[in-house]
Amino acid sequence: MKTAELFRHKTVFSLEIFPPKPDADESVIYDTLDGLKGICPDFISVTYGAGGGKNGSRTIKIASDIKYSYGVESAAHLPCIGLTKEQARDILERMKSKGIENVLALRGDIPQGEAPKGDFAHASDLITFIKENYDFNILAACYPEAHPESKSRADDIKCLKYKVDCGADQLITQLFLDNRFFYEFRERTAIAGIEAPIEAGIMPVTNKRQIERMVSLCGIELPKKFMRMLERFEHNPLALRDAGIAYAIDQITDLITQGAEGIHLYTMNDPYVAGRIYQAVHTLIPAASLVS
Ligand code: FAD
């Protein structure tokens with residue numbers, strides 16, 4: 001199923017997982033997926049390490065298994081930085097042959113100190129390439145607080161509009177910890193005429209190191225309320241985990257109440273945390289038919 005169709009019927013709820021590192025046992029991801037079985041997501045997306053490699057093969061296999069062994073629709077991420085068109089074609093052919101219908105087309109992060117290589121400078125180039133050659137449903141990334149490389153929020157929205165005009169069918173945001181950023185972003189996308197549905201990306205923050213990494217990587221703002229939570233519970237891991245879960249539930253409840261078209265939960269491969277959030281919000285997002 002092409003996941004963009006879902007938005008016509010319901011508030012979409014999706015999960016994101018990442019494949020085990022190349023040197024780790026592949027089977028651990030199936031423990032994670034087994035742990036997620038109590039959750040009824042509309043689809044599960046699987047990340048892909050920029051530059052291709054062994055993890056890419058894992059992404060394709062896991063995305064295919066989610067669909068055909070677990071009966072849940074899936075989406076495979078594909079960062080294009082460093083790829084030639086031939087390499088992209090090879091990956092997309094493998095995705096197609098494994099029955100994957102949804103691709104999250106990304107640029108990927110440019111490795112520090114390296115000049116960008118390959119045939120694709122931006123996600124929009126990959127989106128154009130996919131549209132011209134394939135019939136995938138295309139997802140793309142967006143940034144309520146603007147991508148850290150963007151010159152301004154206005155420029156960020158201009159590039160996003162171009163990405164959608166190139167063929168992105170639906171969008172997923174980077175995590176944000178203050179819903180205000182999402183609502184302001186939605187206003188900007190509406191003014192720009194961006195009509196693709198937008199899922200709000202929510203990451204439950206359950207440890208301090210995780211959020212420090214995210215802030216340096218994504219340049220997101222930490223609201224005062226969130227900082228107080230971190231400061232109060234940073235030396236009490238269980239309390240911080242519970243407070244982080246409560247914070248995510250609060251964000252999701254508000255987003256759905258305010259009419260967000262979808263929620264994309266960054267599970268961090270933690271079925272316990274994802275399960276607790278799902279238990280708290282599942283009546284707000286009735287399940288669609290998931291079996292393909
Ligand atoms: P782009 O859309 O190319 O944007 C990058 C920058 O270039 C922005 O500043 C944008 O405004 C600007 N820009 C865009 N198009 C143009 C244009 N045509 N001309 C000039 N400027 C332009 N990374 C991974 O490696 N693997 C993953 O699996 C992965 N999954 C992700 C999932 C989500 C939901 C999100 C939000 C991010 C994910 N990322 C992943 C991270 C992503 O690769 C990085 O954020 C990357 O830095 C930008 O990717 P992009 O696709 O948004 O790039």
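The values are calculated or read from the model by the stated rules, or taken from the named source; none is laboratory data. Being a predicted model, the structure only gives us computed values, none of them experimental. Backbone-built Cβ (ideal geometry, glycine too); neighbour counts: all protein chains shown. Protein only, heavy atoms only, side chains kept; ligands, DNA and RNA dropped before computing areas. Shrake-Rupley method; radii C 1.70, N 1.55, O 1.52, S 1.80 Å.
Go through the residues of the range 128-147 one by one and say whether even a single one is surrounded by 17 or more Cβ atoms within 10 Å (Cβ to Cβ), within 11 Å of the ligand (Cβ to nearest atom) and part of a helix (DSSP H, G or I). Scanning the range 128-147 turns up at least one residue that is surrounded by 17 or more Cβ atoms within 10 Å (Cβ to Cβ), within 11 Å of the ligand (Cβ to nearest atom) and part of a helix (DSSP H, G or I). Would you pick out the residues in the range 168-181 that are free of Cβ contacts under 8 Å to residues at least 60 places away in the same chain and within 8 Å of the ligand (Cβ to nearest atom)? Correct list: 174 only.
In the range 1-17, the residue that is farthest from residue 260 (Cα to Cα) out of those that are in contact with a His (Cβ under 9 Å, 6 or more places away or on another chain) and not acidic (Asp, Glu) is 15. For the range 41-54, filtered to residues that are more than 17 Å from the chain's Cα centre (by Cα) and surrounded by 14 or more Cβ atoms within 10 Å (Cβ to Cβ), the residue that is nearest to the ligand (Cβ to nearest atom) is 51.
Could you please let me know if residue 230 is of a type in the set (A, V, I, L, M), farther than 27 Å from residue 123 by Cα, surrounded by fewer than 12 Cβ atoms within 10 Å (Cβ to Cβ) and more than 16 Å from the ligand (Cβ to nearest atom)? I'd like the intermediate steps shown before the answer.
Details: of a type in the set (A, V, I, L, M): yes; farther than 27 Å from residue 123 by Cα: yes; surrounded by fewer than 12 Cβ atoms within 10 Å (Cβ to Cβ): no; more than 16 Å from the ligand (Cβ to nearest atom): yes.
No.
Here the condition is being open to solvent by 50 Å² or more (accessible area, probe 1.4 Å), assigned to a helix (DSSP H, G or I), among the acidic types (Asp, Glu) and near the ligand (Cβ under 10 Å from one of its atoms); of 125, 109, 165, 156, it holds for 125 alone.
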